[in-house]
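Here's the structure we're looking at; comments come further down.
The values are calculated or read from the model by the stated rules, or taken from the named source; none is laboratory data. Just so we're clear, the structure is a prediction, and the values are computed from it rather than from any experiment. So basically every Cβ, Gly included, is an ideal-geometry build from the backbone, and we count neighbours across all protein chains shown. Remember, those area values only see protein heavy atoms, side chains included, never the ligands or the DNA or RNA. Shrake-Rupley method; radii C 1.70, N 1.55, O 1.52, S 1.80 Å.
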Amino acid sequence: MPGPWTHRDLAANGARFHIAEQGSGPLVLLVHGWPQYWWAWRHQMAALAAAGYRAVALDLRGMGGSDRTPRGYDPTNLALDITGVIRSLGEHSAHLVGHDTGGSLAWVAAVMRPSVIQSLTVVSAAHPRRLRRGLLQDRRQMAAFDHVLGFQRPWIPERRLVADDAAQIGGYLSTWTGPNGLDDEAIENYRNAMRIPSTAHCSIEPYRWLVRSMARPDGLQFVRRMKKPVTAPTLHIQGAADPVLLSHTALGAGGYVEAPYRWRLLPGVGHFPHEEAPEELSTELVNWVREHKR
């Protein structure tokens, strides 16, 4: 994707990761959610670069320009991907920003490697323990995650995701937004990104782990580990009209944070605040990072 950013690949945690970079200064690492890739952060990269920060947007393992490995899609390993990329960028720590899946992994990274995270900004993502509770006890949240439940079948979901030029991805993106929906260019780009071979399979593997591990020893161990409080200052942003992650599921994450915590609920905004309300989110993000620099 052409633009004011530069592209390169990094080695971290046994895989190769693609990043896009813009600006110079303290590092802010931005991690996308599903079904997007690094380009989702284009507005925030420009705002951060203008404010004097080094904005780096990462493609998660299995998506965008990063490696599509046969395994390694559990949250612990994916969080180590993120902290490994920070070190590969030559930094001891960074401000971490994550949306959706990237936001969930940001929670995990802040628990597992607290010294690496200067501040945390989580967008449209519940704390993993809150999400687990919602999926086990809240029928409304279960219904909102019906696509995730559908991903548990073998091979059929992958085929449907790429059928008709990934039309299903366009449907998700259109129905998961508020009044300020994504434009046609964005929807086309995300549809094209999903059509890259193996992306459909790799990108939903974290969701398969989420559901299938709930009663397994590795899943129970992960939930116990996430009891450890987050010690990084945390900005938590949620769209009030989000039909995927319900606001009451996201609410309450402050109970897991032993640091300054700010909850921001954006009226009329759906699952993609960074694209539906880019200026508002960018302002919140820049102010938060500036307030909590070391």
(request) May I ask you to list the residues in the range 1-42 that are charged (D, E, K, R) and part of a strand (DSSP E or B)? (result) 8, 9, 16, 21
(request) Kindly indicate whether any position in the range 198-218 is touching a helix residue (DSSP H, G or I) at 6+ places or on another chain (Cβ under 7 Å) and on the phi > 0 side of the Ramachandran plot. (result) no
(request) Check whether at least one residue in the range 72-88 is under 16 Å from residue 209 (Cα atoms), over 15 Å from the mean Cα position of the chain (by Cα) and surrounded by fewer than 24 Cβ atoms within 10 Å (Cβ to Cβ), and report yes or no. (result) yes
(request) Could you list all residues from the range 34-53 that are closer than 19 Å to residue 119 by Cα and not aliphatic (A, V, I, L, M)? (result) 41, 44, 52, 53
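Looking only at the range 199-220, count every residue that is of a type in the set (S, T, N, Q) and within 17 Å of residue 136 (Cα to Cα) and tell me the total.
1
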(request) Among the helices (runs of 4 or more DSSP H) lying completely within the range 176-294, list those that include at least 3 residues that are under 28 Å from residue 71 (Cα atoms). (result) 184-194, 199-212, 217-225
(request) From (1) surrounded by fewer than 16 Cβ atoms within 10 Å (Cβ to Cβ); (2) in a strand (DSSP E or B), pick out the condition that doesn't hold for residue 122. (result) (1)
(message) Yes or no: the range 130-150 includes at least one residue that is open to solvent by less than 20 Å² (accessible area, probe 1.4 Å), out of contact with any Cys (no Cβ under 8 Å at 6 or more places or on another chain), among the acidic types (Asp, Glu) and assigned to a helix (DSSP H, G or I).
(response) no
(request) Would you point out the residue of the range 44-70, among those that are of a type in the set (D, E, K, R) and assigned to a loop (DSSP other than H, G, I, E, B), that is most open to solvent (accessible area, probe 1.4 Å)? (result) 68
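Given the residues 219, 254, which is the only one that is within 24 Å of residue 113 (Cα to Cα) and open to solvent by less than 10 Å² (accessible area, probe 1.4 Å)?
Answer to the check: 219.
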(message) Can you pull out every residue in the range 101-119 that is open to solvent by 20 Å² or more (accessible area, probe 1.4 Å) and within 16 Å of residue 29 (Cα to Cα)?
(response) 101, 104, 113, 114, 115, 118
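Take residue 92 and decide whether it is more than 17 Å from the chain's Cα centre (by Cα) and either under 30 Å from residue 162 (Cβ atoms) or not hydrophobic (A, V, I, L, M, F, W, C) (or both). Full working, then the answer.
Numbers: more than 17 Å from the chain's Cα centre (by Cα): yes; either under 30 Å from residue 162 (Cβ atoms) or not hydrophobic (A, V, I, L, M, F, W, C) (or both): yes.
The answer is yes for residue 92.
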